Amino acid sequence: MNNKINEDCICVLKKNSNTNQIDIDFINIENENESLLNTFSNICNTQNIENIIEFISNSKALNELNSNYRYCIKLSGHNEGLKEKPNLIEDIKKRYKIIEENKNQYDLIITNSTIKGQNDFEKNINDLKDTILNTFILWNKASSISKCYYKCQKDTSILTFSHRINGWSNPVYQLTDNFSIEIKTNFGYGKSSYFYIKLKFKEIEITPLSEWIEYEFAKFSEIIRYTQSYPLVNEAWSDVMKYSKDACNLSIINEMLFIDKYILKECEIMVNGLENILNNEEFLFKKINTFEKIKVNKEGILLIDFRGEKISGALDFINKILEYENISTISAFINRIEICNKKIQPTLLIESENIKKTLLNLSLEIESLNNTYTLLYKENEAFNHKRKLIKNEIQLIENKQVEINEIDLIDKTFNERYPEYLEFIQHFTQIVEKLKYSRDKYQLNLTLYNNFISYLNKIDIYFNKKLNPSNFKIIKSKYNTNITKLI
């Protein structure tokens, strides 16, 4: 299909009364004002501003388009939505008057458009005309799709439909007795925008467990919000509807296949991924919002940190996996996650102790370097004072402020009087660099140490709770966490 979703048509899910399954269909967005806008476009291109204003004033249809719309020009944009302009005619007249009176630089604010002139009257007039025309074209698009939304809402055979409405929305659509989808959108809010769907089967939310290991950087709190996430583009609606249709229809046709594909397969991918992370150093990760994958090699302590994060973090998903217990056997997956954690636990413990020793050694090194730095800093200040005295001498001799080209004279005089400074400043610079390196190394190791302790605590809490579910309470960590900041 060549028509663009949310431009030329709306993509919908419909219940097929003959097959009792879900179908994808498309509803054309009717452009009732096409002829009017063609006429208006011709007027804007051929006539003066006075005639354009007169046409707008006399057109009921154009004036009806002037309204507020929850319409995103760009789903990932910021502060999206179209605003009514109650003083549009007056604004056009004012801007036109400015163009006539001042042919230098103009700021015409119609639909947030800036027109800059460089003594070019005709260009500015044409820009104003384009802005007026484009404002009405955009209002017409928003009006047309809004009418199509209303048409879809009235059609009882339509279960859900695509949209480009700005703001937060999470309607739930019950497609069958056992299956529902929640389309979670927040379009037009910049970095806060998102496009998710969450599937629910027999009141159980389906979580994309595979994302925990398919993405290098993933958060439990993010993953449990959705079943699938999509790019913030109108074209993504096609994938949203196809995924929802295929999942729903499979749940109707064959429940076991549905459970295997959308639930057990996710568990299998995650657990296989954890075992791969435990035993390998090279990984393929998905890139966010693309179909690309990147190869990443990890080694040494950073590899252990990565393994600890992913393997202990998988314990957070066990409660989600347990929700599937009523519809399938999932104990094998939980057992494999537990085995991975028991395998990584001794390594985390050994490495945390090694890092602790490194931190203590680094703290002594930093303390020594700090003492040396303090002494050298004072000595350097003394040299700076001597340099200032030389500068004052030259000023007295020249009886004026020191010019830039006389700085060389100051340096030459200073180096002649204090030849030991060159060796001193080299040593001082080395100490500064060593101190910075040691502090950076300390902070890196401190981060790793705290990470390892958090992984160990998570593993301990999980197994203690499993052993004593009725008497479980979180007790103070048995691991040494006294090292919290740079000494």
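The values are calculated or read from the model by the stated rules, or taken from the named source; none is laboratory data. Computed from a prediction, not measured in an experiment: that's the story for all the values here. Here the Cβ positions follow ideal geometry from the backbone for every residue, glycine too, while neighbour counts run over all protein chains shown. Surface areas here come from the heavy atoms of the whole protein model, side chains and all, with no ligands, DNA or RNA. Shrake-Rupley method; radii C 1.70, N 1.55, O 1.52, S 1.80 Å.
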(request) Return the long-range amide H neighbours of LYS184 (sequence gap of 5 or more, or a different chain), with a cut-off of under 5 Å between placed amide H atoms. (result) TYR196, ILE197, LYS198
(request) Report the residues of the range 152-194 in range of a label on ASP246: point 7 Å along Cα→C-beta, backbone N strictly under 20 Å from it. (result) 160-162, 175-176, 179-184
(message) If I model a spin label as a point 7 Å beyond the Cα along the Cα-Cβ vector, how far apart are those points for GLU282 and GLU367 in nm?
(response) 4.6
(request) State, to one decimal in nm, how far the label point of ASP8 lies from the label point of LYS97, with both points 7 Å from Cα in the Cβ direction. (result) 4.5
(message) Suppose R0 equals 22 Å. What FRET efficiency, 1/(1 + (r/R0)^6) with r the Cβ-Cβ distance, do THR19 and ASN178 give to the nearest 0.05?
(response) 0.85
(message) Apply the Karplus curve 6.51 cos²θ - 1.76 cosθ + 1.60, θ = phi - 60°, to the phi angles in the range 323-330 and return the couplings in whole Hz, x for Gly and Pro.
(response) 5, 7, 4, 6, 10, 6, 8, 10
(request) For LYS14, list the lysines whose Cα falls under 20 Å from its own Cα; do not include residues on the same chain fewer than 8 positions away. (result) LYS4, LYS147, LYS151, LYS154, LYS184, LYS198, LYS200, LYS242, LYS245
(message) If amide hydrogens are placed 1.01 Å from N in the peptide plane, which non-local residues have theirs closer than 5 Å to the one on ASN166?
(response) TYR71, CYS72
(request) Sort the following peptides by mean Cβ neighbour count (other Cβ atoms within 10 Å, averaged over residues), highest first: 87-97, 384-394. (result) 87-97, 384-394
(request) List the residues whose amide H sits under 5 Å from the amide H of LEU159, counting only those 5 or more places along or on another chain, with H placed 1.01 Å from N in the peptide plane. (result) LEU13, LYS14, LYS15
(request) Along each of the three principal axes of the Cα atoms of the range 140-257, give the extent in whole Å, ordering the values from largest to smallest. (result) 45, 37, 21
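Take the solvent-accessible surface of the protein heavy atoms, probe 1.4 Å, and return the percent of it on the chain that carbon and sulfur atoms account for. Show your work: numbers first, answer last.
Details: 13500 of 27900 Å².
Summing carbon and sulfur atoms, their accessible area is 48 percent of the total for the chain.
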(message) Run the numbers for GLU353 and ARG439: contour at 0.36 nm per residue of separation, minus the present Cα-Cα distance, in nm.
(response) 29.0 nm
(request) Sort out for me the Cα centre separation of the range 166-217 from the range 326-380, rounded to whole Å. (result) 36
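So what's the range 325-475 giving for Cα Rg divided by 2.2 N^0.38 Å, two decimals?
On the way: Rg = 29.8 Å, N = 151, 2.2 N^0.38 = 14.8 Å.
Cα Rg divided by the expected 2.2 N^0.38 Å: 2.01.
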(message) Please compute the per residue accessible area over the chain with all protein chains in place, 1.4 Å probe, rounded to a whole number of Å².
(response) 57
(message) 7 Å from Cα along Cα→Cβ at both ASP130 and TYR377: what's the point-to-point distance in nm?
(response) 5.8
(request) Please find the FRET efficiency linking GLU235 to GLU32, where r is the Cβ-Cβ separation and R0 is fixed at 35 Å, and quote it to the nearest 0.05. (result) 0.85
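So for each of 213-226, 186-199 I average, over its residues, the number of other beta carbons within 10 Å; can you give me the resulting order with the highest mean first? Mind showing how you got there, number by number?
On the way: 213-226: 15.3, 186-199: 18.4.
Top of the packing list down: 186-199, 213-226.
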(request) Add +1 for every Lys or Arg and -1 for every Asp or Glu among the other residues with Cβ under 11 Å from the Cβ of VAL233, and state the total. (result) +1
(request) Using only the Cα atoms of the chain, construct the convex hull and provide its projected area averaged over every direction, in square nanometres to one decimal. (result) 38.7
(request) Give, as ranges by residue number, the residues of the range 164-206 whose backbone N falls under 20 Å from the point 7 Å along Cα→Cβ of LYS83. (result) 165-168, 187-191
